[in-house]
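Trainee: Handing you this structure, nothing more for now.
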Amino acid sequence: MRKIPLTENELESIKPGEAITLAGVLAIMAVAIIAVIVYKLFIKDTGKVKLPGGYSFERK
(Lines give C-alpha, C1' and ligand atoms only; values in the text may rest on other atoms or scores of the structure.)
Protein backbone atom coordinates (compact mmCIF):
# COMPACT_ATOMS: atom_id res chain seq x y z
CA MET A 1 0.00 0.00 0.00
CA ARG A 2 1.39 3.36 -1.03
CA LYS A 3 1.22 6.06 1.62
CA ILE A 4 1.05 9.74 0.73
CA PRO A 5 2.13 12.17 3.47
CA LEU A 6 -0.27 14.94 4.40
CA THR A 7 0.55 18.56 3.69
CA GLU A 8 0.82 21.14 6.45
CA ASN A 9 -2.66 22.51 5.62
CA GLU A 10 -4.21 19.03 5.79
CA LEU A 11 -2.48 18.33 9.10
CA GLU A 12 -3.81 21.58 10.58
CA SER A 13 -7.38 20.86 9.42
CA ILE A 14 -7.61 17.59 11.38
CA LYS A 15 -9.68 18.03 14.53
CA PRO A 16 -9.51 14.92 16.77
CA GLY A 17 -12.25 16.10 19.13
CA GLU A 18 -15.03 15.81 16.53
CA ALA A 19 -15.44 12.04 16.88
CA ILE A 20 -15.52 12.23 20.67
CA THR A 21 -18.12 15.00 20.58
CA LEU A 22 -20.30 13.10 18.12
CA ALA A 23 -20.09 9.93 20.19
CA GLY A 24 -21.04 11.87 23.32
CA VAL A 25 -24.04 13.52 21.69
CA LEU A 26 -25.28 10.19 20.29
CA ALA A 27 -24.88 8.52 23.69
CA ILE A 28 -26.89 11.28 25.41
CA MET A 29 -29.62 11.02 22.75
CA ALA A 30 -29.81 7.23 23.21
CA VAL A 31 -30.15 7.60 26.98
CA ALA A 32 -32.87 10.24 26.53
CA ILE A 33 -34.86 8.02 24.16
CA ILE A 34 -34.60 5.04 26.51
CA ALA A 35 -35.67 7.25 29.44
CA VAL A 36 -38.81 8.33 27.56
CA ILE A 37 -39.66 4.71 26.68
CA VAL A 38 -39.18 3.56 30.28
CA TYR A 39 -41.31 6.48 31.51
CA LYS A 40 -44.11 5.64 29.09
CA LEU A 41 -44.04 1.93 29.96
CA PHE A 42 -43.71 2.03 33.73
CA ILE A 43 -44.76 5.42 35.07
CA LYS A 44 -47.78 6.39 33.01
CA ASP A 45 -51.09 4.58 33.53
CA THR A 46 -51.53 3.65 29.88
CA GLY A 47 -48.15 1.91 29.52
CA LYS A 48 -48.14 1.76 25.71
CA VAL A 49 -45.24 2.56 23.37
CA LYS A 50 -45.15 2.48 19.57
CA LEU A 51 -41.74 2.54 17.90
CA PRO A 52 -40.87 3.02 14.24
CA GLY A 53 -40.71 -0.19 12.26
CA GLY A 54 -43.99 -1.55 13.62
CA TYR A 55 -42.75 -2.39 17.11
CA SER A 56 -45.28 -1.93 19.87
CA PHE A 57 -45.01 -2.56 23.61
CA GLU A 58 -47.92 -2.52 26.04
CA ARG A 59 -48.12 -3.07 29.78
CA LYS A 60 -51.41 -4.54 30.94
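Trainee: In nanometres, what is the gap between the two model label sites at E10 and R59, each 7 Å from Cα along Cα-to-Cβ?
Mentor: 5.5
Trainee: Could you pull out every one of the lysines with an alpha carbon less than 22 Å from that of K44, ignoring same-chain neighbours closer than 8 positions?
Mentor: Within the straight-line cut-off, K44 pairs with K60.
Trainee: Still on this structure, I have one more. Can you tell me the FRET efficiency between T46 and L26 if r is taken as the Cβ-Cβ distance and R0 is 30 Å, rounded to the nearest 0.05? The partial results should precede the final answer.
Mentor: On the way: r = 29 Å, r/R0 = 0.97.
Between T46 and L26 the formula returns 0.55.
Trainee: Which of these values of Rg and Dmax of the Cα atoms in Å was calculated from the structure shown: (i) 12.9, 41; (ii) 21.5, 63; (iii) 14.0, 39?
Mentor: (ii)
Trainee: Next question, about the same structure. Per residue, how large is the accessible surface of the chain? Use a 1.4 angstrom probe and give square angstrom. Write down the numbers at each step before the final one.
Mentor: Working: 5830 Å² over 60 residues.
Per residue, the chain has 97 Å² of solvent-accessible surface.
Trainee: If R₀ is 30 angstrom, what is the calculated FRET efficiency for the pair E18 and Y39, using the beta carbon separation as r and rounding to 0.05? List each step's numbers first, then the result.
Mentor: Values: r = 32 Å, r/R0 = 1.06.
FRET efficiency, E18 to Y39: 0.40.
The values are calculated or read from the model by the stated rules, or taken from the named source; none is laboratory data. What you see is a predicted model, and the numbers here were worked out from it, not measured in a lab. No Cβ is skipped: glycine too gets one built from the backbone with ideal geometry, and neighbour counts run over all protein chains shown. Protein only, heavy atoms only, side chains kept; ligands, DNA and RNA dropped before computing areas. Shrake-Rupley method; radii C 1.70, N 1.55, O 1.52, S 1.80 Å.
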